[in-house]
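Read the structure below first, then the notes.
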Amino acid sequence: MASLTARHGWILWVPIVLCIGVEAVLLLADFGIVGPARLRQLIYDYGGFWPGLLRGWRSNYTAQPYAMFLTYGFLHAGLAHLVVNMITLWSLGRVVLERVGATGFALLYLGALIGGAAGFGLLAPDLRPMVGASGALFGLVGGILAWAYVDRYTHDEGLWPIGRAVLLLVALNLVLWWAMNGQLAWETHLGGFVAGWVVALLIDPRPRDA
């Protein structure tokens, strides 16, 4: 029998192709090959997550305060940002697909995107915009760890590996926050992780056989 990843792997290409396609167009615009020179900023203005829109700012279009909870996740701050996130998405997405298939992956990914945006909107100390798929990626990690927690708890295998993974994620965020001079959107990572943990247990709360 074919694995879930083999049968439903197409769903993993949907966010990857969207993210790569958008960034490719923006890079071409940056080099003056297509569109206006300010296309990147224009797309950020319309598709990035702007906390100010939750606090009385005037939106560029009616649905923007709601649409930005999803659109921000398909924009990136440049090629390096995109490459790191897409490699991570490919790796984590295959694990999720193997557990819950295409529908489960889509629900977890979208739930984590929304949760990441909510975390940033609630916790960000200023009104700077936010873009990137990392909220969804941390949601995938949260989901994978939630399932691992249920499996290990059920089979009395010990929970230290789960705690260690969470501590490593905290340490990674601290290092990146320092390296990026405080510009890391850790609030998005936290919101995505929590949302991913919760959504994963709603999708598949049952332990797997040892």
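Worth a mention:
- Across segment 180-210, the residues whose backbone nitrogen lies under 15 Å from the label position 7 Å along the beta-carbon direction of Asp156 are 210.
- Residue-averaged [θ]222 nm for the chain, counting only DSSP H segments that reach four residues, each worth -39500 (n - 2.57): -24000 deg cm²/dmol
- In whole percents, the pair-distance distribution calculated for segment 68-210 from its alpha-carbon pairs, binned every 5 Å from zero, is 2, 11, 18, 23, 21, 13, 7, 4, 1, 0.
- In plain terms, the chain is cut at each of the trypsin sites (Lys or Arg not before Pro) found in a DSSP loop with at most 16 other Cβ atoms within 10 Å, and the longest leftover piece is 59-207.
- Alpha carbon centroid spacing (whole Å) that separates segment 1-43 from segment 149-210: 27 Å
- Placing +1 on the Cβ of every Lys and Arg and -1 on the Cβ of every Asp and Glu, with no other charges, gives segment 4-203 a dipole of roughly 240 debye about its Cα centre.
- Computed FRET value (nearest 0.05) for Val34 with Val175, which takes r as the C-beta separation and R₀ as 35 Å: 0.45
- Here the 3J(HN,Hα) profile of segment 13-24, calculated from phi with Karplus coefficients 6.51, -1.76 and 1.60 at θ = phi - 60°, is 6, 4, x, 5, 5, 4, 5, 5, x, 4, 5, 4 Hz, Gly and Pro shown as x.
- Calculated from backbone phi, Karplus (6.51, -1.76, 1.60) coupling profile of segment 118-126 in Hz, x at Gly/Pro: 4, x, 5, x, 7, 10, 4, x, 9
- Here the Karplus curve 6.51 cos²θ - 1.76 cosθ + 1.60, taken at θ = phi - 60°, turns the phi angles of segment 145-152 into couplings of 5, 4, 5, 5, 4, 4, 4, 5 Hz, with x standing for Gly and Pro.
Here, each number is a calculation from the coordinates, and none is a lab measurement. Quantities reported herein were computed from a predicted structural model and do not represent experimental measurements. Reconstructed Cβ throughout: ideal geometry from the backbone, glycine too, with neighbour counts over all protein chains shown.
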